[in-house]
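Before I ask anything, let me first share the structure, which is written out below as structure tokens.
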Ligand SMILES: [Zn+2]
């Protein structure tokens with residue numbers, strides 16, 4: 001049994017788990033109890049529909065043969081209209097990004113954005129990415145927010161003053177505000193585990209309650225792990241003391 005992928009689309013967040021060449025979805029809906037122990041990690045191989053071709057190479061989540069080059073993944077749908085957007089992650093991390101216009105709402109929630117603003121359209125993906133880069137340079141905002149940064153802000157709120165200040169520099173076409181129902185009072189502990197009760201999913205972060213502690217797990221960090229049934233007995237950090 002191996003974690004071979006994840007689906008962070010907001011309507012069906014799930015892990016893809018392969019066993020004996022078949023792939024099934026482990027839903028990550030709130031309240032789901034997960035009880036797996038992580039074993040060895042290696043390449044997740046390839047998934048084609050409900051079929052899995054395993055790979056023993058060591059590099060995870062994917063070996064050099066099974067990594068899709070960035071340029072291929074991003075240029076497939078380049079001829080369609082693209083939206084350029086700003087996204088906010090609590091408390092005050094702001095990025096500029098592009099996506100196909102019809103995917104805008106989905107794309108924002110896939111990333112776990114707290115707030116967002118649609119600021120422009122471009123005729124195709126190439127023009128959109130050029131404008132994205134130019135906006136990033138001109139306004140001093142990043143094109144990429146790393147998951148550990150998002151985890152650090154999980155229990156926080158967006159700095160509205162800073163966000164509005166940035167938005168004032170643009171002509172806003174549409175504004176977005178997202179709720180993920182995590183109901184966190186303090187920052188979860190960043191961990192890689194698959195044991196606990198699902199509190200919710202925000203982008204590619206799943207929040208789990210286990211043994212009195214709340215953990216934030218980057219789904220990508222699970223990909224490639226062989227799983228054993230049964231809750232983990234690994235020693236885990238149980239309090240936030242080390243983070244303060
Ligand atoms: Zn491989």
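Quick check on the chain: helices-only [θ] at 222 nm, where DSSP H runs of length 4 and up contribute -39,500 (n - 2.57) each and the sum goes over total residues. Nearest 500, please. Don't jump to the answer; show the numbers that get you there.
Details: 5 runs with 42 residues, N = 244.
Dividing the helical sum by the residues of the chain leaves -4500 deg cm²/dmol.
Could you state, as a whole-number percent, how many of the C-alpha pairs of region 71-177 are farther apart than 22 Å? Can you show the working numbers first?
Values: 1476 of 5671 pairs.
Taking all Cα-Cα pairs of region 71-177, the fraction more than 22 Å apart is 26 percent.
How much length, in nm to one decimal, is gained on full extension between residue 65 and residue 185, taken as 0.36 nm per residue of separation minus their Cα-Cα distance? Intermediate values should be presented prior to the final figure.
Numbers: separation 120, 0.36 × 120 = 43.20 nm, distance 4.27 nm.
Full extension of this stretch gives 38.9 nm more.
Using R₀ = 22 Å, calculate the FRET efficiency as 1/(1 + (r/R₀)^6) where r is the Cβ-Cβ separation of residue 81 and residue 149; round to 0.05. The partial results should precede the final answer.
On the way: r = 30 Å, r/R0 = 1.35.
Efficiency, from the Cβ-Cβ distance: 0.15.
So what's the angle, to the nearest 10 degrees on a 0 to 90 scale, between helix 125-139 and the longest Cα principal axis of the chain?
Value to nearest ten degrees: 80.
Can you report the principal axis dimensions of the chain using only the alpha carbons, biggest first, rounded to whole angstrom?
52, 42, 27
Measuring from a point 7 Å past the Cα of residue 236 along Cα-to-C-beta, which residues in region 23-45 have an amide N at less than 20 Å?
26-41
Right, another one. Note the full-extension length gain between residue 137 and residue 33 as 0.36 nm times their separation in residues minus their Cα-Cα distance, in nm to one decimal.
Numbers: separation 104, 0.36 × 104 = 37.44 nm, distance 4.44 nm.
Computed gain between residue 137 and residue 33 is 33.0 nm.
Could you give the length gained on full extension between residue 25 and residue 51, defined as 0.36 nm per residue of separation minus the Cα-Cα distance, in nm?
Values: separation 26, 0.36 × 26 = 9.36 nm, distance 1.20 nm.
Full extension from residue 25 to residue 51 adds 8.2 nm.
The numbers here are math on the coordinates, done by the rules we state, and not lab data. These numbers were taken from a predicted model, which means no experiment stands behind them. So basically every Cβ, Gly included, is an ideal-geometry build from the backbone, and we count neighbours across all protein chains shown.
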